[in-house]
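Here is the structure we will look at, set down as structure tokens.
The values are calculated or read from the model by the stated rules, or taken from the named source; none is laboratory data. Since the model is a prediction, treat every value here as computed from it, not as a measurement. Reconstructed Cβ throughout: ideal geometry from the backbone, glycine too, with neighbour counts over all protein chains shown.
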């Protein structure tokens, strides 16, 4: 019984940094935010929770710990979540 | 009769500059030479006259007044004849 | 292969080449400049932003993937961020290779590739 | 289109760009360097010679023909003559264009083309 509580304890209370760029920064109104989240949450769920009006559509990608990732895969122990709208560098 | 002599006079006594480069300079033993020639002479005839041992083969081109030219076309009023062995610049 | 990636908020200064090998036969340098007209509109300049850490990772991936096909000795990449006025360089890439063709082909592919995966954004700037 | 062709017996010094237009979006610079090994043999350098006047004519023809397909604003071409030691630049070409693709393609075609028709010769040098 104590073991189950322990597991829940270490897997909750996670901090994650949200980064936004270009038009997603304008849409969300911030460029960086620290946030509590659960390892079982997906990027889509996290953004639905903090910005219900935001729709990434098909063009905005998400990067988890600086790697392009699946919107619907749990973030696990990630520490950074970045919105990557279509790029246009150079 | 005087007319014929006059024509012959202005069309002879032409001076032409011969230029050689790279291996053709080595083969002919000079890099630049001034020479009398006839407008009716072709580049091939001129080189046969001044360097009978020289064979341009298929790879050496000739330039007449700085334009690639035909080995067997008379040089006319040209003032420069250059041997252009295969190039290798850069 | 030696790679160097820089993001800078000040004008890009090209570092003098310090080549690692006596076998470098070709250096190709590309500079992208901000033009006065963007989609037919006169602009004072462009504004660039990047997810720097991620852009570095993505660039390194691309460099190593492309250099596998077109071997080169050195890639220097510098991208300016913030406001960049007309006529100034927003992107500079220098490639040093043994062979000319490898250097040129790698450059051509590099110029096309970063647009898709490297998180850098530009927008018409109001100074 | 502005073209500038130079042949020089001293090290090539790249002139700073003085672009004619605010619409130049890309500058590509190519440097060809003398390598230590020529056909597997160590050499002290290369020796270059040219029929300069003719080379200029042929280069101008090529520049205008290729620029017809890949429009550009400026071509600067400099070729070193005489002895060029290892690691030094024997050929420098800079192309400025409105568009990146035109600049890069023109450069790639230019690098291949001069070999055939421009009277410049190299030979392994004994210093």
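Within the range C:109-127, how many residues turn out to be more than 9 Å from chain A (Cβ to nearest Cβ) and crowded, with 20+ Cβ neighbours inside 10 Å?
Of the residues in the range C:109-127, 1 are more than 9 Å from chain A (Cβ to nearest Cβ) and crowded, with 20+ Cβ neighbours inside 10 Å.
Residues are listed down the side, and each one gets a yes or a no for (1) surrounded by fewer than 13 Cβ atoms within 10 Å (Cβ to Cβ); (2) outside any helix (DSSP H, G or I):
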residue: B:25; (1), (2): no, no
residue: B:36; (1), (2): yes, yes
residue: B:49; (1), (2): yes, no
residue: B:54; (1), (2): no, yes
residue: B:57; (1), (2): yes, yes
residue: B:71; (1), (2): no, yes
residue: B:77; (1), (2): yes, yes
residue: B:87; (1), (2): no, yes
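Name every residue in the range D:56-68 that is within 13 Å of residue D:105 (Cβ to Cβ) and touching a helix residue (DSSP H, G or I) at 6+ places or on another chain (Cβ under 8 Å), in order of residue number.
Of everything in the range D:56-68, those that are within 13 Å of residue D:105 (Cβ to Cβ) and touching a helix residue (DSSP H, G or I) at 6+ places or on another chain (Cβ under 8 Å) turn out to be D:66, D:67.
Could you list, in sequence order, the residues of the range D:37-55 that are at pLDDT below 90 and either crowded, with 16+ Cβ neighbours inside 10 Å or touching a helix residue (DSSP H, G or I) at 6+ places or on another chain (Cβ under 6 Å) (or both)?
Hits for the range D:37-55 are D:38, D:43.
Answer yes or no as to whether residue D:81 is crowded, with 21+ Cβ neighbours inside 10 Å and either within 27 Å of residue C:97 (Cα to Cα) or in contact with a helix residue (DSSP H, G or I) (Cβ under 8 Å, 6 or more places away or on another chain) (or both).
It is false that residue D:81 is crowded, with 21+ Cβ neighbours inside 10 Å and either within 27 Å of residue C:97 (Cα to Cα) or in contact with a helix residue (DSSP H, G or I) (Cβ under 8 Å, 6 or more places away or on another chain) (or both).
For every residue, the table says whether it meets (1) surrounded by fewer than 14 Cβ atoms within 10 Å (Cβ to Cβ); (2) touching a strand residue (DSSP E or B) at 6+ places or on another chain (Cβ under 8 Å); (3) within 26 Å of residue A:81 (Cβ to Cβ).
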| residue | (1), (2), (3) |
| --- | --- |
| C:3 | no, yes, no |
| C:8 | yes, yes, no |
| C:13 | yes, no, no |
| C:17 | no, yes, no |
| C:24 | no, yes, no |
| C:59 | no, yes, yes |
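Tally the residues that are in contact (Cβ under 8 Å) with a residue 12 or more places away in the chain and either in contact with a helix residue (DSSP H, G or I) (Cβ under 7 Å, 6 or more places away or on another chain) or more than 9 Å from every other protein chain (Cβ to nearest Cβ) (or both), restricting the search to the range C:16-26.
3
From C:41, C:69, which residue is farther than 23 Å from residue D:28 by Cβ and more than 12 Å from chain A (Cβ to nearest Cβ)?
That would be C:41, the only listed residue that is farther than 23 Å from residue D:28 by Cβ and more than 12 Å from chain A (Cβ to nearest Cβ).
Which pairs turn up if I take residues in the range C:57-78 that are without any contact (Cβ under 8 Å) to a residue 12 or more places away in the chain and look for partners that are in a loop (DSSP other than H, G, I, E, B) with beta carbon separation below 9 Å, at least 6 apart in sequence or on another chain?
What qualifies is C:57/A:66; C:65/C:113.
Taking the condition over 16 Å from the mean Cα position of the chain (by Cα) and either away from chain D (no Cβ under 11 Å) or touching a residue at least 40 places away in the same chain (Cβ under 8 Å) (or both), does residue C:98 pass?
Yes; evaluated as a whole, the condition is true for this residue.
Taking the options C:46, C:81, name whichever one is more than 14 Å from chain D (Cβ to nearest Cβ), within 15 Å of residue A:88 (Cα to Cα) and touching a residue at least 12 places away in the same chain (Cβ under 8 Å).
After ruling out the rest, the residue left standing is C:81.
What residue, of A:12, A:24, A:79, is out of contact with any helix residue (DSSP H, G or I) (no Cβ under 8 Å at 6 or more places or on another chain), at negative phi and modelled with pLDDT under 95?
After ruling out the rest, the residue left standing is A:12.
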